[in-house]
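The values are calculated or read from the model by the stated rules, or taken from the named source; none is laboratory data. Quick caveat, the model's predicted, so the values are computed rather than measured. Here the Cβ positions follow ideal geometry from the backbone for every residue, glycine too, while neighbour counts run over all protein chains shown. These area figures cover heavy atoms from the full protein model, side chains too; ligands, DNA and RNA do not enter into them. Shrake-Rupley method; radii C 1.70, N 1.55, O 1.52, S 1.80 Å.
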Amino acid sequence: MTSTHRPLPIAIIGGGFSGLMAAEQLLRALPVDRPVLLCEGSRPFGLGLAYATPNPDHLLNLRASQMSADPERPEDFADWLACTPLDAAERQGIRETEAGTFAARGLYGRYLAERWDRVAAGAGDRLIPLRAAICDVEPVPEGFRLHGAGAPPRLVAGLVLAMGNLPGPALAPGRHRLDPWHPEAFGTLDPARDVLVIGTGLTMMDSVAALRREGFAGRIVAVSRRGLLPKPHAAVPAGRRPDFTPEIRGSARKLVAAIRRAITTAREAGDDWRGVIDALRPITDALWAGLPRAEQARILRHVRPYWDVHRHRTAPPAAEAIAAEIRSGGLVVRAGRILAIAEAPDGAVVTLRPRGTDGRERIAVQGILDATGFSRLAETDDPLIRNLLARGLVRPGPFGLGIAASPGGRVAGASHDAPIWAFGPMLRGVVWECIAVPDIRDAARPLARAVADQLGDRLAA
Ligand SMILES: Cc1cc2nc3c(=O)[nH]c(=O)nc-3n(C[C@H](O)[C@H](O)[C@H](O)COP(=O)(O)OP(=O)(O)OC[C@H]3O[C@@H](n4cnc5c(N)ncnc54)[C@H](O)[C@@H]3O)c2cc1C
């Protein structure tokens, strides 16, 4: 009978890394009678898109020493790797390099799955895992009613949206479309005909590894506007952070010039550019937030592609695999703009305008992978996002990226009092650093405190 008086749960929608981190911290921050409902549509709890891959060539793009899921134990994952009995295949997923230890993402998935098991066991019936893809959220006086495929409607007091990078219709559906997250089909591709990958970043590298692992031996053409490839990590100590005057902090151009100067100075002293980029990490959020809107737009348009390949670096073995592909001609990286994709009986014909030219080139391919990574909120065909937008519960974040929210994640929809928060990559546009494991892990505690404060049931710290 007591259960009828139990407060309504807080729902987290999305049971990937962000969902797991949010659940852990909400269980701590909320009173013991407030349950947490974690909704996951398709994957094992805690893993999400990034860490459910079984491909041992899909490596973490941060060192093991940076990938702790425990905010209080920075070496938690490195210790886990050292102490956990692993079979021979799993051991192959650990790559020791001069730049540090890099592990296969599937191995990290096992680490998270074990963490999820512990969290779930410790929480007992306070943590309610719901296996359902939530497709709509209806505001009701008590909070929200969740509607999900295959699950009865659930009443909840508040919502944390932790759905990761939004899938988007960057590529119109067609017979030629290949799904990087479902590589099983790659084995049947014709080695005599090209495959196109749109994007040249980390997801492109994953796509190439998946095509090769599934046995595709043909040529891969990867295209992005600038044709930039992620840089590899190296063994570099953190450098000195440059000082930025208020004048520099107010201008995209001056900021970039100051960073370039710092890199030149570091090089002249025999140091690596990576030290400068890494030293900026503690202030990148503040630098971004301090720029006027027009300057932020300049950064996104002109600087971000360069920033991303320097900041979001790759494991050296993954970079070496790509370099070997390029040397052998197995991978051709092109800079240019895709003007059109025309369906052909046996694939597609892609019209490309190579960067810096007015020319047009046609490339016949048997299949296309979209490795552009994420979409803008208004472009996504995700049913839940479409319904949240239609109900006015969320609106696109700055520059259409992610969800409009306060830096702490409180969603700024049409109904200002709605207890909805966005978390993790959904905050891109508002928060500069919200995508990688350390950022998500460290943001979970403030998020949980904010949720508890708002609902009036914060525990004494
Ligand atoms: C391929 C890839 C590799 C990466 N590698 C690294 C790395 O090495 N190091 C690093 O620090 N970061 C890495 N990242 C960054 C990554 O964004 C974060 O590390 C983290 O995994 C993000 O987790 P998430 O839970 O926010 O998103 P996701 O992993 O995308 O998880 C979101 C989950 O929500 C579920 N979901 C979505 N909509 C609904 C719905 N309506 N109802 C129910 N469930 C729903 C999805 O099924 C999914 O499981 C990588 C990202 C990608 C895509």
### Summary
Of the conditions (1) open to solvent by 30 Å² or more (accessible area, probe 1.4 Å); (2) on the phi > 0 side of the Ramachandran plot; (3) within 15 Å of the ligand (Cβ to nearest atom); (4) of a type outside the set (S, T, N, Q), the single one that residue 383 does not satisfy is (2)
### Message
Among the residues in the range 223-234, are any outside any loop (DSSP other than H, G, I, E, B) and open to solvent by less than 20 Å² (accessible area, probe 1.4 Å)?
### Response
yes
### Task
Grab the strands (runs of 3 or more DSSP E) fully contained in the range 354-422, keeping just those with 1 or more residues being touching a Gly at 6+ places or on another chain (Cβ under 7 Å) and free of Cβ contacts under 8 Å to residues at least 40 places away in the same chain.
none
### Message
Please go through the range 402-431 and give me each residue that is within 17 Å of the chain's Cα centre (by Cα) and within 14 Å of the ligand (Cβ to nearest atom), ordered by number.
### Response
402, 403, 409, 422, 423, 424, 425, 426, 427, 428, 431
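Yes/no matrix, rows are residues, columns are (1) at pLDDT below 95; (2) assigned to a strand (DSSP E or B); (3) over 29 Å from residue 309 (Cβ atoms):
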| residue | (1), (2), (3) |
| --- | --- |
| 12 | no, yes, yes |
| 49 | yes, no, no |
| 52 | yes, no, no |
| 55 | yes, no, no |
| 68 | no, no, no |
| 89 | yes, no, yes |
| 102 | no, yes, no |
| 109 | no, no, no |
### Message
Need pairs with beta-carbon distance below 7 Å; first residue in contact (Cβ under 8 Å) with a residue 60 or more places away in the chain and within the range 428-445, second more than 9 Å from the ligand (Cβ to nearest atom) and among the aromatic types (Phe, Trp, Tyr); sequence gap 6+ or separate chains.
### Response
432/288
### Task
Could you list all residues from the range 1-24 that are open to solvent by 10 Å² or more (accessible area, probe 1.4 Å) and more than 11 Å from the ligand (Cβ to nearest atom)?
1, 2, 3, 4, 5, 6, 7, 8, 9, 24
### Task
Need at least 3 residues that are open to solvent by less than 20 Å² (accessible area, probe 1.4 Å) and farther than 30 Å from residue 96 by Cα per element, so show me which helices (runs of 4 or more DSSP H) inside the range 240-329 make the cut, counting only ones lying wholly within it.
252-268
### Query
From the list 91, 105, 73, 95, which residue is basic (Lys, Arg), in contact with a strand residue (DSSP E or B) (Cβ under 7 Å, 6 or more places away or on another chain) and open to solvent by 40 Å² or more (accessible area, probe 1.4 Å)?
95
### Query
Tell me, which residue of the range 154-192 that is modelled with pLDDT of 80 or more and open to solvent by 80 Å² or more (accessible area, probe 1.4 Å) is farthest from residue 44 (Cα to Cα)?
192
### Query
What number of residues in the range 30-70 are open to solvent by 20 Å² or more (accessible area, probe 1.4 Å) and more than 11 Å from the ligand (Cβ to nearest atom)?
9
### Message
Which numbered condition in (1) under 13 Å from residue 222 (Cα atoms); (2) open to solvent by 60 Å² or more (accessible area, probe 1.4 Å) is the only one that residue 354 fails?
### Response
(2)
### Message
Out of the residues in the range 437-461 meeting the condition of being open to solvent by less than 30 Å² (accessible area, probe 1.4 Å), at pLDDT 95 or above and of a type in the set (Gly, Ala, Ser), tell me which one is farthest from the ligand (Cβ to nearest atom).
### Response
448
